[in-house]
1. Do you know which of the residues in region 62-73 that are touching a residue at least 24 places away in the same chain (Cβ under 8 Å), surrounded by fewer than 18 Cβ atoms within 10 Å (Cβ to Cβ) and more than 18 Å from Glu166 (Cβ to Cβ) is nearest to the chain's Cα centre (by Cα)?
2. So the check is Cβ under 8 Å with 6+ separation or different chains; which pairs have a first residue in region 10-21 that's within 16 Å of Asp47 (Cα to Cα) and a second one that's at pLDDT 85 or above?
3. Within the bounds of region 74-85, is there any residue that is open to solvent by 40 Å² or more (accessible area, probe 1.4 Å), at pLDDT 90 or above and either assigned to a loop (DSSP other than H, G, I, E, B) or within 28 Å of Ser147 (Cα to Cα) (or both)?
4. When you scan region 3-59, how many residues do you find that are open to solvent by 70 Å² or more (accessible area, probe 1.4 Å), among the acidic types (Asp, Glu) and assigned to a helix (DSSP H, G or I)?
5. Starting from residues that are surrounded by 15 or more Cβ atoms within 10 Å (Cβ to Cβ) and out of contact with any Asp or Glu (no Cβ under 6 Å at 6 or more places or on another chain), keep the ones in region 91-107 and report whichever is modelled with the lowest pLDDT.
Amino acid sequence: MPRILGNHGHVKFNYITFQGKKDLEKKFMCRLRGWLNPDSAFVILIDQDQDDCRELKSKLHDKCAEIDKSPVLIRVACCELESWYFGDLEAVEKALELKNLTAYRNKKKYREPDSILKPSEELRKITREAYQKISGSRDIARHLSISTNTSASFHAFVKGIKKICEL
């Protein structure tokens, strides 16, 4: 977030994490209802997994409308957040201290990061198990390029963040 927001120190953010999609869907309404700062904006980022992207987003929008917390930005990482890492394999190399991962971007299977069916499994495979979901994501995020990532869902997320923060 700080790299997306740049020098816009007026924007403060908090992360609220959930233990997967079911946990988010079960608990996020309670968290939003209890949020007391009226000047807040909310960003919900969720993996698409096998769900229909539009239906998932619509369902979450409807739930948010019930409690009238706005603005709310909902972004769906297609298919999983790890797709974004395939959009910037240089970041994965740096973060995990591996070599030659960028060669995978030339393979047909990996050219369109958002179309990889199980990107977390693929990432573990090509990194020979060096990628671990939580620690790996934290490490990789520090290196992701905001401008050159080839994942369309990543760019939609960045664009949405900038818009909701009015940058």
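1. Lys63
2. Cβ pairs passing all conditions: Ile16/Phe28; Ile16/Arg31; Phe18/Leu24; Phe18/Lys27; Phe18/Phe28; Lys21/Ile46; Lys21/Asp47; Lys21/Asp49.
3. Checking region 74-85: at least one residue is open to solvent by 40 Å² or more (accessible area, probe 1.4 Å), at pLDDT 90 or above and either assigned to a loop (DSSP other than H, G, I, E, B) or within 28 Å of Ser147 (Cα to Cα) (or both).
4. 1
5. Checking each candidate, the answer is Arg105.
Each row is one residue, and each column tells you yes or no for (1) under 19 Å from the mean Cα position of the chain (by Cα); (2) at pLDDT 90 or above.
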position: Phe13; (1), (2): yes, no
position: Phe18; (1), (2): yes, yes
position: Asp23; (1), (2): yes, yes
position: Met29; (1), (2): no, yes
position: Asn37; (1), (2): no, no
position: Ile44; (1), (2): yes, yes
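The values are calculated or read from the model by the stated rules, or taken from the named source; none is laboratory data. The shown structure was predicted, so the numbers you read here are calculated from the model rather than taken from an experiment. Cβ sites come from the backbone with ideal geometry, for glycine too, and all protein chains shown count toward neighbours. All accessible areas refer to the heavy atoms of the entire protein, side chains included, with ligands and DNA or RNA removed. Shrake-Rupley method; radii C 1.70, N 1.55, O 1.52, S 1.80 Å.
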